[in-house]
Amino acid sequence: MKHIKNYLLAYLFLAMGLSAFGQTPPVDLANMSLGDLLNAKIIRSYSDMNTFEPVQQDMPVGYLDSSRFHFSTSYLKVKFDGYMDGTKDLSFKDVQWNGIVPDRTKENFPIVPTVIKQEATQFKGAYTLSEQITLSLSIPYIRQSSEHISIKPGFEDFTIVSEGLGDIETAISWFKQLDKNNHLLLSLGISLPTGSIDETGDTPSPGPDNQLPYTMQLGSGTYDIKPSIHYFGSMGNWTFGADLNLTLRTGKNDRDYRLGNVYQAGIWTRYALTDWMQPSLRIDGVAWDEISGRDPALPFFPESINPYPAAVVKPDNFGGTKLLALVGLRLKDPRGRLENTFLELEAGAPFYQELNGPQPSEDWRFSASFVLSF
């Protein structure tokens, strides 16, 4: 007997896209709504997934029940290796300035990040208030490393690292059962500026503790509004869905800049191969804006042909669009108390990128999540 509750949870788990894009700071990587399955309104189990017979004589067809508490932990890793300008691939040699003055352009830089690795671990809890309303809280921990090459002596090859608490997000969700096979979830989240935007490190700039670029900061520094809409449907052993997610920044942070808004839409499908193994396929489309303003602590040389020493400190070199394909696998034990416990694995890569560049391009990503509801 398959449990429609489990399918709905599975949908919400994979519905919202993992938001690590191009040269986007890792705050968006961490604030993925991978755990939004916790906001689900749960449909009571039935003797047969394809029949909606009441469990009790006086229970209406389609009766909604709910687990009260939901917890998840999720891990996501994204690797960037290479550069793009628009849809054109660039080598590190194309992006790095060789130190000869006549060869300096607006598209090359004396410092070039090469391999960038972003990691986010997210802990999420949710509590169901009623048949339609759920409250949730997400706490992310972020780690990022960025390898560099440069023309400055002593910094020909160097690596900078930042890690710590990201921006905490709280959300309220409203669930609607359209009919026995179709459901809708509306969520409104607010991201709080708890992640640091004052991370420093040893860079080619003078001094031992220099402000790190936007890509190495742990938060946005602003209160961000995050509305989303999710659709979920089922037919036989197939489940499918679509979602739309926005991240809307408000104002500028205390370093006088604002990260770009993020717009994500996705579709997915999942097949119940067995009671315990369900593969999935997801396509995500993402667009995000360039940075508004500029951090005055980052190096800037207005008299130069290119006033920025690296692409990651140039606000115009953020933003773009991307399409990703991801394959996933859900593993679970359908028996007893473990029926609402899931292990989700997913991996994928972009098949199309158009970036405001030169900008680091994504190579691949992998995620793993463990979910418990009771």
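If I ask for residues that are in a strand (DSSP E or B) and of a type in the set (Asp, Glu), which ones from region 160-210 would you list?
163, 169, 179, listed by residue number.
Yes or no, residue by residue, for (1) part of a loop (DSSP other than H, G, I, E, B); (2) among the polar types (S, T, N, Q); (3) under 30 Å from residue 209 (Cβ atoms); (4) touching a Phe, Trp or Tyr at 6+ places or on another chain (Cβ under 6 Å):
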{"position": "278", "(1), (2), (3), (4)": "no, yes, no, no"}
{"position": "285", "(1), (2), (3), (4)": "no, no, no, no"}
{"position": "290", "(1), (2), (3), (4)": "yes, no, yes, yes"}
{"position": "298", "(1), (2), (3), (4)": "yes, no, yes, no"}
{"position": "303", "(1), (2), (3), (4)": "yes, no, yes, no"}
{"position": "306", "(1), (2), (3), (4)": "yes, yes, yes, no"}
{"position": "312", "(1), (2), (3), (4)": "no, no, yes, no"}
{"position": "322", "(1), (2), (3), (4)": "no, no, no, yes"}
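For region 79-137, which positions are of a type in the set (A, V, I, L, M, F, W, C), closer than 26 Å to residue 302 by Cβ and either at pLDDT below 90 or in contact with a helix residue (DSSP H, G or I) (Cβ under 8 Å, 6 or more places away or on another chain) (or both)?
Result: 95, 97, 101, 109, 112.
Would you check which residues across region 329-348 are over 24 Å from residue 282 (Cβ atoms) and either at pLDDT 80 or above or among the polar types (S, T, N, Q) (or both) and list them?
Scanning region 329-348 gives no hits.
Does any residue in region 229-252 that is more than 27 Å from residue 319 (Cα to Cα) come within less than 6 Å, Cβ to Cβ, of a residue that is assigned to a loop (DSSP other than H, G, I, E, B) six or more places away or on a different chain, and which pairs are these?
Close Cβ pairs satisfying both conditions: 233/181; 234/181; 237/272.
When the residues of region 193-227 are narrowed to those that are crowded, with 18+ Cβ neighbours inside 10 Å and aliphatic (A, V, I, L, M), which ends up nearest to the chain's Cα centre (by Cα)?
Checked region 193-227; the qualifying residue nearest to the chain's Cα centre (by Cα) is 218.
Determine whether residue 127 is of a type in the set (Phe, Trp, Tyr) and closer than 26 Å to residue 295 by Cβ.
No, not satisfied.
So how many residues does region 144-171 have that are of a type in the set (Val, Ile, Thr) and closer than 30 Å to residue 187 by Cα? Outline the logic, then answer.
Kept after step one, since they are of a type in the set (Val, Ile, Thr), are these residues of region 144-171: 149, 151, 159-161, 168, 170.
This time we only want the ones that are closer than 30 Å to residue 187 by Cα, so: 168, 170.
Looking only at that region, the number is 2.
Could you list, in sequence order, all residues of region 170-184 that are within 17 Å of residue 129 (Cα to Cα) and among the basic types (Lys, Arg)?
176
State whether one or more residues within region 336-347 are part of a strand (DSSP E or B), buried (at least 17 other Cβ atoms within 10 Å of the Cβ) and out of contact with any helix residue (DSSP H, G or I) (no Cβ under 8 Å at 6 or more places or on another chain).
The answer is no, given that none of the residues of region 336-347 is part of a strand (DSSP E or B), buried (at least 17 other Cβ atoms within 10 Å of the Cβ) and out of contact with any helix residue (DSSP H, G or I) (no Cβ under 8 Å at 6 or more places or on another chain).
Is it the case, given these coordinates, that residue 294 is charged (D, E, K, R) and within 23 Å of residue 110 (Cα to Cα)?
Considered against the rule, which asks whether it is charged (D, E, K, R) and within 23 Å of residue 110 (Cα to Cα), residue 294 comes out as yes.
Could you list all residues from region 185-200 that are modelled with pLDDT of 90 or more and in contact with a Phe, Trp or Tyr (Cβ under 9 Å, 6 or more places away or on another chain)?
186, 187, 188, 190, 191, 192, 193, 197
Going by what's in this entry, would residue 327 be described as crowded, with 21+ Cβ neighbours inside 10 Å and out of contact with any Gly (no Cβ under 6 Å at 6 or more places or on another chain)?
So residue 327 fails the test.
Tally time: how many residues in region 155-193 are under 30 Å from residue 112 (Cα atoms) and in contact (Cβ under 8 Å) with a residue 40 or more places away in the chain?
11
Name the pairs whose Cβ atoms lie under 9 Å apart, with the first residue in region 123-149 and over 19 Å from residue 80 (Cα atoms), the second among the basic types (Lys, Arg) and surrounded by fewer than 16 Cβ atoms within 10 Å (Cβ to Cβ), and 6 or more positions between them or separate chains?
127/68; 128/68; 132/176
The values are calculated or read from the model by the stated rules, or taken from the named source; none is laboratory data. Note that the structure is predicted; figures quoted are calculated from it, not measured. Positions of Cβ are generated from backbone atoms using ideal geometry, with glycine treated the same way; all protein chains shown enter the neighbour counts.
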